[in-house]
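Here's the structure, in structure tokens; my notes come after.
The values are calculated or read from the model by the stated rules, or taken from the named source; none is laboratory data. All figures in this text were calculated on a predicted structure; none of them were measured in a lab. Methodologically, a virtual Cβ is constructed for each residue, glycine included, from the backbone with ideal geometry; neighbour enumeration extends over all protein chains shown. Each accessible area value is taken on the protein alone, full model and side chains, heavy atoms only, with ligands, DNA and RNA left out. Shrake-Rupley method; radii C 1.70, N 1.55, O 1.52, S 1.80 Å.
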Amino acid sequence: MPALASHRKPRTRLRTTTPAVGLTTAALASVTLLSTQSATAAPAEPRPSIEEVQKKVDALYRQAGTATQQYNKAKGASAEQRSKVDALLEAAAKRADKLNETRRELGNYAAAQYRSGSIAPTATFFLADDPQSYFDQDQLMARMTSRQQKAVADFRTQQKEAAAKRVEATKSLETLTESQATLRTSKQQVQTKLTEARSLLSKLTAEEKARLAELERKKEAEAKRKAEELARQQAAKEKAEQAAEEEAPKEEAGTETGGTGSDSGYASKAEKVLAFARAQIGKPYVWGATGPSSYDCSGLTQAAWKEAGVDLPRTTWDQVEVGTRVATADLRPGDLVFFYDDISHVGIYKGDGMMIHAPKPGANVREESIYYMPIYGSVRPA
């Protein structure tokens, strides 16, 4: 019997979609991961405003000014210590020469006694394991002539003095090393602050630089307005004082003649100071410089007052301690005006609320209102 044909439907092979599902899942996972990373990523820091940049740059220049004064102080201390060390080393060398001379003299005594056939006490002294204890024996000193005793006493004295000089020189060398280390640190601090300030300014766009320049102009205009106000107040005060002098009795006027002479003496010095300072206008500020081609702030004031025969210390911190303190309202040409709480800047008052100073790196010696920076105080150096 023939086989019957099957009426069962043949099975259709189903296509698997697993790879597609796998790819889709991977893609979704990637999108999700990227979304999560984007959401959790730290937001970019906001660009500082021009006002913030200005404050930051001003602060950096001020810190560089402070570091400059530290550098100047360390440089002065290092130079002073170097001179002291050189003097001590020279003194120690002279002591050593004198010691050797006395040693030779004692050696001559020993040689003479040896030739005479006796054992010289001096030779025994040199051969002893403990010369000091040998000195303590009374019979030795008794056996020596007075000249020999004096030679030995001189030797002992010079030996102690030479040792003391060597110790003093060693300590001075240690102090010099410390001063030089401070000098290097201060120099590095100045350079770091200036580099940071320049970096901030270099990142500004042309538009931002223009806005920064506008802020500077406004700051200068306000400082100039305050200077003009001070000039009016000083002029009014001077006029009132002149009127009072004219009305005063002749006897009182005669009594004040000495004061006038003193005033004219200071005015004469101030003229020399200001003449020198004006001649430096346009020369660049260079930190640590004392002239003649460039200056920092205290280098300029020191050089200017030297023209009037007055030696000022090197740093602003020491210059502020010289002379007589004066109020801002009582400023006279030639007076020194100091700025900031840390006394890191100084200028020479020229009258009418204005000064001549070496401002900061990148700027030249110039005239400017004393109100451009916060005033710490003022002194009259002579």
Return the residues of the stretch 78-97 that are surrounded by 14 or more Cβ atoms within 10 Å (Cβ to Cβ) and of a type in the set (S, T, N, Q); say none if nothing qualifies. S78, Q81
Scan the stretch 258-275 residue by residue and report those that are among the hydrophobic types (A, V, I, L, M, F, W, C) and surrounded by 14 or more Cβ atoms within 10 Å (Cβ to Cβ). A270, V273, L274
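For every residue, the table says whether it meets (1) surrounded by fewer than 16 Cβ atoms within 10 Å (Cβ to Cβ); (2) part of a helix (DSSP H, G or I).
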{"site": "T301", "(1), (2)": "no, yes"}
{"site": "W305", "(1), (2)": "no, yes"}
{"site": "V310", "(1), (2)": "no, no"}
{"site": "R314", "(1), (2)": "no, no"}
{"site": "V322", "(1), (2)": "no, no"}
{"site": "A329", "(1), (2)": "yes, yes"}
{"site": "V346", "(1), (2)": "no, no"}
{"site": "K350", "(1), (2)": "no, no"}
{"site": "M355", "(1), (2)": "no, no"}
Members of the stretch 51-65 that are open to solvent by 30 Å² or more (accessible area, probe 1.4 Å) and in contact with a strand residue (DSSP E or B) (Cβ under 9 Å, 6 or more places away or on another chain): R62
With respect to A277, is the statement that it is aliphatic (A, V, I, L, M), more than 15 Å from T68 (Cα to Cα) and free of Cβ contacts under 8 Å to residues at least 60 places away in the same chain true? no
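With the structure loaded, tell me whether A197 is free of Cβ contacts under 8 Å to residues at least 60 places away in the same chain, part of a helix (DSSP H, G or I) and open to solvent by less than 90 Å² (accessible area, probe 1.4 Å) or whether it fails that test.
Spelling it out, it is not the case that A197 is free of Cβ contacts under 8 Å to residues at least 60 places away in the same chain, part of a helix (DSSP H, G or I) and open to solvent by less than 90 Å² (accessible area, probe 1.4 Å).
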Where the second residue is charged (D, E, K, R) and surrounded by fewer than 14 Cβ atoms within 10 Å (Cβ to Cβ) and the first is under 14 Å from A79 (Cβ atoms) and lies in the stretch 177-194, which pairs have Cβ atoms under 9 Å and are six or more apart or on separate chains? S179/E80
Among (1) in a strand (DSSP E or B); (2) touching a residue at least 60 places away in the same chain (Cβ under 8 Å); (3) open to solvent by less than 50 Å² (accessible area, probe 1.4 Å), which single condition is S378 missing? (2)
Only one of T102, T66 is assigned to a helix (DSSP H, G or I), among the β-branched types (V, I, T) and at pLDDT 75 or above. Can you tell me which? T66
Restricting the stretch 276-292 to residues that are of a type outside the set (A, V, I, L, M, F, W, C) and over 20 Å from the mean Cα position of the chain (by Cα), which is least open to solvent (accessible area, probe 1.4 Å)? Q280
